[in-house]
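Laboratory data are not the source of any read-out in this text; all were calculated from the coordinates shown. Here the structure is a predicted model, which is why all the values come from computation and not from measurement. Here the Cβ positions follow ideal geometry from the backbone for every residue, glycine too, while neighbour counts run over all protein chains shown.
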Amino acid sequence: MSETALFGASAGKDALEEGGLLTPRFDASGLVTAIAVDATTGEVLMLAHMNDEALALTIQTGEAHYYSRSRKALWRKGESSGHTQKVKELLVDCDQDAVLVKVEMGGTGAACHTGRRSCFYRRVPLGATPSEARLEFTGDTPRFDPTKVYAGTPQKS
């Protein structure tokens, strides 16, 4: 689907930033960045992308839909794992090229395909030489075994 088929075009900077019409600015690949956060705690769960169809389905159904860049396919969060995301609020940033999706997690509450609650389970220590920076785990351990949940199913990205 083309973005103009589902969403109107912005009439300019003022309309984009101060107007009342949703006119997402999709990138050259036809995507907007989507950040999923826990609607109650504000914890960042994952970063993904939406094309026009994923954004439209998210708005229409109240269930998070994304676009996998690696598989070049639309997917509904939890369609294979059961770890769904019920959208509680959907916000767009100032220039409409990113969306913040406030969600309620279903299933085990794990948003990451690795089985963890959040995709952001490692921190980068500040002050290190970039080539020698060693990732530190945050303690977010897997809640499910992805090899069993995704057996025979391509993993999401």
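So if each residue of separation counts as 0.36 nm, and I subtract the Cα-Cα distance between Thr138 and Thr23, what length gain in nm does that give?
37.7 nm is the gain from fully extending Thr138 to Thr23.
Would you mind telling me which residue in Gly106, Gly78, Gly42 has the biggest mean-square fluctuation in a Gaussian network model of the chain, where springs connect alpha carbons within a distance under 10 angstrom?
Gly42
For the residue pair Gln60 and Leu47, what label-to-label distance in nm results when each label sits 7 Å from Cα along the Cα-to-beta-carbon direction?
It is 2.9 nm.
Of the GluC sites (Glu not before Pro) in the range 73-157, which ones lie in a loop per DSSP and count no more than 15 other C-beta atoms within 10 Å?
Those satisfying the criteria are Glu79.
Could you put Arg134, Arg25, Arg71 in order, starting from the residue whose Cβ has the fewest other Cβ atoms within 10 Å?
Ordered by Cβ neighbours within 10 Å, fewest first: Arg134, Arg71, Arg25.
Once you have the Cα-Cα distance between Ser131 and Asp14, take 0.36 nm times their residue separation minus that, and quote the gain in nm to one decimal.
Value of the extension gain: 37.8 nm.
With a cut-off of 8 Å between alpha carbons and a minimum separation of six or more residues, what is the relative contact order of the range 33-157 in percent?
23 percent
Mind pulling the angle between the C-alpha long axis of helix 52-61 and the longest principal axis of the chain? Nearest 10 degrees, somewhere in 0 to 90.
80 degrees
Pull up all non-local amide H partners of Thr84: gap of 5 or more, or a different chain, and H-to-H distance under 5 Å with H placed in the peptide plane.
Result for Thr84 returns Gly106, Gly107.
Along the charge dipole of the chain, which of Ser81, Thr147, Leu6 sits closest to the positive end, that is, farthest toward it, with unit charges on the beta carbon of Lys, Arg, Asp and Glu (+1, +1, -1, -1)?
Positive-most Cα among the choices belongs to Thr147.
Picking from Thr41, Thr129, Thr58, which is most flexible by a Gaussian network model of the chain using Cα springs under 10 Å?
Greatest mean-square fluctuation among the candidates belongs to Thr129.
Could you give the spread of the C-alpha atoms of the range 95-157 along their three principal axes, from largest to smallest, in whole angstroms?
39, 37, 21
Pairing rule first: another cysteine's C-beta must sit under 4.7 Å. Under that rule, which cysteines of the chain stay single?
So far as the 4.7 Å Cβ criterion goes, Cys94 stand without a partner in the chain.
Give me Leu6, Leu31 ranked fewest to most by other Cβ atoms within 10 Å of their Cβ, as a rough exposure proxy.
So the residues, fewest neighbours to most, are Leu6, Leu31.
Please work out the FRET efficiency for the pair Leu100 and Lys72, using the Cβ-Cβ distance as r and a Förster radius of 25 Å; give the result to the nearest 0.05.
Rounded to the nearest 0.05, the efficiency is 0.55.
Compare Ala128, Ala98, Ala54 in a GNM of the chain, Cα atoms joined below 10 Å, and give the one with the largest fluctuation.
Top of the fluctuation ranking is Ala128.
If you take every DSSP beta bridge whose two residues both sit in the range 3-109, what share of them, in percent to the nearest 5, is antiparallel?
75 percent
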